[in-house]
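Written out below as structure tokens is the structure these notes cover.
Here, each number is a calculation from the coordinates, and none is a lab measurement. Fair warning: this is a prediction, and the values are worked out from it, not measured in the lab. Positions of Cβ are backbone-derived with ideal geometry, glycine not excepted, and every protein chain shown enters the neighbour counts.
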Amino acid sequence: MVGSGIGPGSPGPGVRRALVIGDGSSIVAQSGGITIASHPTGTYGLNFGSSVDGRAIAATLQDQPSGGSAIGATICGGTAGLDCPIAINDANHVLATSLR
């Protein structure tokens, strides 16, 4: 869900990625060291284990339901200035939110 493609081939040096199952209960593929910090419905807190402050963040929906959806992702804490829930409010975490 966050990062660059999970498919075959190398996305490039230093890229970290995670594919999160739709209900947010687990990561089904990743580059390593990423855990789900929280997953209330439609919101996913991902812990990258080290600071991602200043890095590019990308989020993509796969198999969108009919009617369309949108997703956004941002770094918590750090210089981004976004205040995430207190338990994940540091630059090791990315908050992804899907809208239906």
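Which whole-number value in Å³ per residue fits the convex hull of the alpha carbons of the range 18-99?
Once divided by residue count, the hull of the range 18-99 is 90 Å³.
Evaluate the distance, in nm, between pseudo-label points positioned 7 Å from the Cα of THR41 and of SER26 along their respective Cα→Cβ axes.
Inter-label distance under the simple model: 2.2 nm.
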